[in-house]
1. Somewhere in the range 154-165, is a residue among the hydroxyl-bearing types (Ser, Thr, Tyr), touching a strand residue (DSSP E or B) at 6+ places or on another chain (Cβ under 7 Å) and surrounded by 15 or more Cβ atoms within 10 Å (Cβ to Cβ)?
2. Here is a list: Leu177, Leu195, Leu141. Which entry is within 16 Å of the ligand (Cβ to nearest atom), touching a Pro at 6+ places or on another chain (Cβ under 6 Å) and assigned by TED's automatic domain parsing to the domain that holds Leu127?
3. Cβ contacts < 7 Å: first residue over 16 Å from Leu118 (Cβ atoms), restricted to the range 268-279; second residue more than 14 Å from the ligand (Cβ to nearest atom) and among the acidic types (Asp, Glu), any location; separation 6+ or different chain. Result?
4. Taking the condition of being of a type in the set (Lys, Arg) and within 16 Å of the ligand (Cβ to nearest atom), how many residues in the range 215-273 meet it?
5. For the range 107-138, how many residues meet the condition of being assigned to a helix (DSSP H, G or I), closer than 17 Å to Pro94 by Cα and more than 9 Å from the ligand (Cβ to nearest atom)?
6. Just checking, does the range 198-211 include any residue being exposed (fewer than 15 other Cβ atoms within 10 Å of the Cβ), modelled with pLDDT under 95 and either in contact with a helix residue (DSSP H, G or I) (Cβ under 9 Å, 6 or more places away or on another chain) or closer than 20 Å to Ile236 by Cβ (or both)?
7. Could you list, in sequence order, all residues of the range 270-292 that are crowded, with 19+ Cβ neighbours inside 10 Å and either at pLDDT 85 or above or part of a loop (DSSP other than H, G, I, E, B) (or both)?
Amino acid sequence: MFDTLGSGFRTVLNKIRFSDDSKALDKALDELKKTLLKNDVYHKTTKEILSQTKDYFKTNPIGKENFLKALSLSLESILKTNLNYGFSYSSVPPTCVLMTGLQGSGKTTTSAKLALYLKGKNKKVLLVPCDLQRLAAVTQLKTLGESIEVDVFNSESKKPLEVAKEALKLGKNYDVLIFDTAGRLAIDEALMDELDSIKKLVKPHDIFYVADSLSGQDGVRSADTFNQKVGITGVILTKFDSDSKGGIALSIAYQIGVPLRFIGVGEKLPDLEVFLPDRIISRLMGAGDIQTLAEKTASVMSDKEVKDIQKKIKKGNFTIEDFIAQIENVKKIGSMSSIMGMIPGLGNVASGLKNMDFDNSEEIKNIKCMVNSMTKKERLDPSILNGSRRKRIAKGSGLEVSDINRALKQFDMAAKMAKQFSGKKGASDFMSMLGQMKAQKR
Ligand code: GDP
């Protein structure tokens, strides 16, 4: 997430040796411009960031530290369109929100993600499938709703407006109603009219525009059109875990003047994060985002688990059994690379782990079978596993030697990661913050 943009900024800062003259500043600004444009930051937004950064030096001496500060301040002013982030509730329940966007942007998935997020806050949510254009959308929402035990409104009607009307009648039984509206492949008048009539009926507290972060500059233009036609009050950017360059986040907020409220960072339903500008800026600047990670982890790990892991990390003892336990935890938090991206200095480890398939239950099953066929000594020290031991384990667990090799390689990577973890200041900050959060919860 934000990898390319973030590493671009770091390159700008690392490459340029600032002597305190305006030539050096121009060179740095030029490099910054290239980085921004290369990462899909809208040209007008780029211009604004450059001019704000440059202005800072009218009253401050030129230097590397000040450049970093100027850039942070500028990103802050671009991203902080107002202070309304995450979810907001109407004064009289239920809070109704419309999910809008182009087809394929991740609207239906994000509706369910939002429902899960709100369920975690003890809210009673009703998902309302008003996307009757895409045949599979209703079934998809039903399946997703079932998987998180959230009600999905069931209607015989084929008209989105009718479905919305019927759902509203049930409104008093819920805290939040999420209306998943139809998307099209491109913006068209019929879609806008349909949205407008649903809007007039539902009188939503918020209209979220769900934007695919891979859509680059096009994404900014379609968000703009939606905003002009129906008026959006928040943007949710999806697929930030993919090869997104991150530029759209900066551009949408500034160009449309509508705040980014959440970001989607994976295909799984827990992969939704409240968009907090300060945290994103610190991530862009390479400082990591320990707090988000601590909050996520605190929600899936027990106090004892946190303490045990703390002890193990301190001693550098991370066994293959811990590995399995952690895989289960990691699955609950989100994708591995998104987690690693939040830890300062672990960006490289994150890219190395991208190909590990933690979601593949077959793989986890294999690892468990493998562990069952291992002796206690082997479990504690997998480095003794030579060829004949591996063959024996493969036979015992009904797997191929290649499966064993792959599983051991994954463990090796995780063990290395744990070691890196214990060496980083960020990791100890993370652990102590986790401890504090646990203490607060009691
Ligand atoms: P809709 O047509 O806008 O309702 O889109 P869907 O909700 O069906 O999503 C389209 C595809 O994007 C699906 O395969 C989703 O799993 C995927 N998707 C949605 N959000 C994210 C995300 O944050 N990250 C990733 N990697 N995939 C996502």
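The values are calculated or read from the model by the stated rules, or taken from the named source; none is laboratory data. Every value quoted in this text rests on a predicted model; they were computed, and no experiment measured them. Neighbour counts are summed over all protein chains in view; Cβ atoms, including those assigned to glycine, are modelled from backbone coordinates with ideal geometry.
1. No: zero hits.
2. Leu141
3. Correct list of pairs: Pro277/Glu76; Arg279/Asp289.
4. Summing the residues that are of a type in the set (Lys, Arg) and within 16 Å of the ligand (Cβ to nearest atom) in the range 215-273 gives 4.
5. Residues flagged as assigned to a helix (DSSP H, G or I), closer than 17 Å to Pro94 by Cα and more than 9 Å from the ligand (Cβ to nearest atom) within the range 107-138 amount to 6.
6. no
7. Hits for the range 270-292 are Pro270, Asp271, Leu272, Glu273, Phe275, Gly288, Asp289.
Let's see how each residue does on (1) away from the ligand (no atom under 15 Å from the Cβ); (2) of a type in the set (Phe, Trp, Tyr); (3) in a loop (DSSP other than H, G, I, E, B); (4) touching a helix residue (DSSP H, G or I) at 6+ places or on another chain (Cβ under 6 Å):
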{"residue": "Asn66", "(1), (2), (3), (4)": "yes, no, no, no"}
{"residue": "Lys69", "(1), (2), (3), (4)": "yes, no, no, no"}
{"residue": "Leu75", "(1), (2), (3), (4)": "yes, no, no, yes"}
{"residue": "Ile78", "(1), (2), (3), (4)": "yes, no, no, yes"}
{"residue": "Gly86", "(1), (2), (3), (4)": "yes, no, yes, no"}
{"residue": "Ser91", "(1), (2), (3), (4)": "yes, no, yes, no"}
{"residue": "Cys96", "(1), (2), (3), (4)": "yes, no, no, yes"}
{"residue": "Met99", "(1), (2), (3), (4)": "no, no, no, yes"}
{"residue": "Ser105", "(1), (2), (3), (4)": "no, no, yes, no"}
